[in-house]
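Participant: The structure follows.
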Amino acid sequence: ALFPASATAGGPGFTLTITGSGFIPASQVSFNLNNVPTTYISARQLLAAIPANAIALAGDPVVIVTNPGLGISLLATFVVNNPPPGGGTVSPPGLPAGNAALTLTVTGTNFTKGSTVLVNGSSRITTYVSSTLLQATLLPSDLSQGGTLNITVSNPPPGGGTTPAISFQVADYSVSAPTTPTSVTAGQPASFKLTVSPNGAFSNSVTFTASGLPTGATATFSSATITPGSTPVNVTLSISTTARSFAPSWKSLRGF
């Protein structure tokens, strides 16, 4: 019998307790066919020092006790589990529909060389970069139409598991703004033409709002809600502002 009977891949070294019978002071424990430092406690118990590098990867290493010149024990199986992965973010966070294949970067924790990125539950070719970084190749079909892709990371057994889903947005349309003008003069109006370009036929409505304007500025749209359809649609954003007030100096107020 082994205690503990399992460990997590990548964990620290530990002391393994082996119970059985017929042990002698010269008994030698091997872990995954490598001899490890062994301490004799009694004819029924040994202690073995398992180094961290012996459990660096998931698997089922065997434990054997050898009595020199007398024989070896039956095999006992120890389990090194993959850790459960932790998902964090994806980059880019989204793309317009119709893009070609893309390399998606996934950051998180506890990734292994066996980790796999899944898109809506289906695996994609995955490259292990580090325990916190994976890269996966999205298929053109993943980006063929708008919607939300659920990105997860799966670590294989033993142990392992799957992360909660990270949302990747595939936009049905894109909005482009003019490169000029880039500013508005206080007290003067300004207009900006926005172009909504559908990625394929897009039947849902798009609603415009403006936020973060300075005090005294207002924004209106020529059409607050549009339905792009299958061709680009232009919308004009109009900004009106209040002129800066003039504050005379204290010298002018005193007649100097």
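The values are calculated or read from the model by the stated rules, or taken from the named source; none is laboratory data. This structure is a prediction, so every number in the text was calculated from the model and none was measured. Cβ sites come from the backbone with ideal geometry, for glycine too, and all protein chains shown count toward neighbours. Ligands, DNA and RNA are stripped out before the accessible areas are found, and what is left, the full protein with its side chains, is counted by its heavy atoms. Shrake-Rupley method; radii C 1.70, N 1.55, O 1.52, S 1.80 Å.
Participant: From the C-alpha coordinates alone, can you work out the Kirkwood hydrodynamic radius of the chain, in Å? Spell out each step's value before the answer.
Facilitator: Working: mean 1/r = 0.0410 Å⁻¹.
By the Kirkwood definition, the hydrodynamic radius is 24.4 Å.
Participant: Quick one: if you stick a label point 7 Å off each Cα along the C-beta vector at S183 and Q45, how many nm between them?
Facilitator: 8.0 nm
Participant: Determine the principal axes of the Cα atoms in the range 78-196, then give the extent along each, sorted from largest to smallest and rounded to whole angstroms.
Facilitator: Projected onto the principal axes, the Cα atoms of the range 78-196 cover 76, 31, 20 Å.
Participant: How much length, in nm to one decimal, is gained on full extension between N32 and T17, taken as 0.36 nm per residue of separation minus their Cα-Cα distance?
Facilitator: Numbers: separation 15, 0.36 × 15 = 5.40 nm, distance 1.56 nm.
Gain in length upon complete extension: 3.8 nm.
Participant: On to the next question. Can you give me the accessible area per residue for the chain, using a 1.4 Å probe, in Å²?
Facilitator: Values: 14470 Å² over 256 residues.
Per residue, the chain has 57 Å² of solvent-accessible surface.
Participant: If you don't mind, there's one more thing I want to ask. Quick one: divide the alpha-carbon radius of gyration of the range 88-129 by 2.2 N^0.38 Å and tell me what you get. Present the calculation step by step, with values, prior to reporting the outcome.
Facilitator: Values: Rg = 11.2 Å, N = 42, 2.2 N^0.38 = 9.1 Å.
The reported ratio for this selection is 1.23.
Participant: Would you please give the residues with an amide H less than 5 Å from that of A9, counting only those at least 5 places away or on a separate chain, with H modeled from the backbone geometry?
Facilitator: Residues meeting the amide H criterion: N81, N82.
Participant: Roughly how many percent of the accessible protein surface of the range 1-143 is carbon and sulfur, given a 1.4 Å probe and a whole-percent answer? Numbers along the way, then the final one.
Facilitator: Working: 4240 of 7270 Å².
For the range 1-143, the apolar C and S fraction of the accessible surface comes to 58 percent.
Participant: Now for a separate question. With the Cα gyration tensor of the range 1-64 in hand, convert its eigenvalues to equivalent ellipsoid semi-axes via √(5λ) and list them largest first in whole Å.
Facilitator: Equivalent ellipsoid of the range 1-64: 21, 11, 10 Å, largest first.
Participant: Still on this structure, please answer the following. Among T231, T112, T241, which one shows the highest mean-square fluctuation when the chain is modelled as a Gaussian network with alpha-carbon springs under 10 Å?
Facilitator: Most flexible of the set in this elastic network: T241.
Participant: Spin-label point model (7 Å from Cα, Cβ direction): what's the A52 to T77 distance in nm?
Facilitator: 2.8 nm
Participant: Between K193 and T105, how high is the FRET efficiency from 1/(1 + (r/R0)^6) when r is the Cβ-Cβ distance and R₀ = 35 Å? Nearest 0.05.
Facilitator: Working: r = 34 Å, r/R0 = 0.98.
After rounding to 0.05, the efficiency reads 0.55.
Participant: Give, to the nearest whole percent, the P(r) tail of the range 9-122 beyond 16 angstrom, counting all Cα pairs. Write out the running numbers ahead of the final one.
Facilitator: Values: 4367 of 6441 pairs.
Taking all Cα-Cα pairs of the range 9-122, the fraction more than 16 Å apart is 68 percent.
Participant: Still on this structure, I have one more. Name the residue, out of N81, N32, N110, whose mean-square fluctuation peaks in a Gaussian network model built on the chain with Cα pairs under 10 Å.
Facilitator: Sorting by GNM fluctuation, first place goes to N32.
Participant: How much length is gained if the chain between L70 and T132 is pulled fully straight, taking 0.36 nm per residue apart and subtracting their Cα-Cα distance, in nm to one decimal? Each step should come with its number before you reach the end.
Facilitator: Values: separation 62, 0.36 × 62 = 22.32 nm, distance 4.80 nm.
Separation in residues times 0.36 nm, less the Cα-Cα distance, equals 17.5 nm.
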